[in-house]
Amino acid sequence: MTYAGSEFVTGDDIASALLSCGRALAEASEAEAVTIPSWEQDGTITGVVVLIGPASQMIVQDAHVDADELIDVTAVARLQAIERRLRPVAAVDVENRGQEEWDVDPRNQAWDGEM
């Protein structure tokens, strides 16, 4: 990933979640600092703090490293939680759609003009 002129290497799922979270923050005109794991050149893993929001410009490209895929389910879950907060989803029961029965209260009927 390239962000603010700096490059760092992270896992595919982490990069995808970071981009998606950044898009959601931009749509909501909000910004947030998040920490994601990154490979260092010596092979150690460190945290990178990234400020993402409406002005974020990130570039993701494949990197070939001599290590296993960097996986951090906690980091991905944190990014997805931010996105869910900004993009709430409602569930709809499509099987019973249009089959609801409504109790009609006669006091709520439209007035027909007669007394």
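Quick note: the coordinates plus some simple rules give every number you see, no bench work behind them. This one's a predicted model, so the numbers in the text were calculated from it and none came from an experiment. Positions of Cβ are generated from backbone atoms using ideal geometry, with glycine treated the same way; all protein chains shown enter the neighbour counts.
Before moving on, here are some points about what is shown:
- Scanning segment 38-50 finds no residues that are part of a helix (DSSP H, G or I) and of a type in the set (S, T, N, Q).
- Candidates in segment 1-56 are the residues that are polar (S, T, N, Q) and out of contact with any strand residue (DSSP E or B) (no Cβ under 8 Å at 6 or more places or on another chain); of these, the one that is farthest from A67 (Cα to Cα) is S29.
- Selection of first residues in segment 19-36 that are in contact (Cβ under 8 Å) with a residue 24 or more places away in the chain and of second residues that are among the hydroxyl-bearing types (S, T, Y) and crowded, with 21+ Cβ neighbours inside 10 Å, restricted to Cβ pairs under 6 Å at least 6 apart or on distinct chains, gives the following pairs, ordered by first then second residue: I36/T10.
- Filter result for E30 (out of contact with any Asp or Glu (no Cβ under 6 Å at 6 or more places or on another chain), charged (D, E, K, R) and under 19 Å from R87 (Cβ atoms)): yes
- Matching option when the condition is within 12 Å of D13 (Cβ to Cβ) and surrounded by 13 or more Cβ atoms within 10 Å (Cβ to Cβ), among V48, V76: V76
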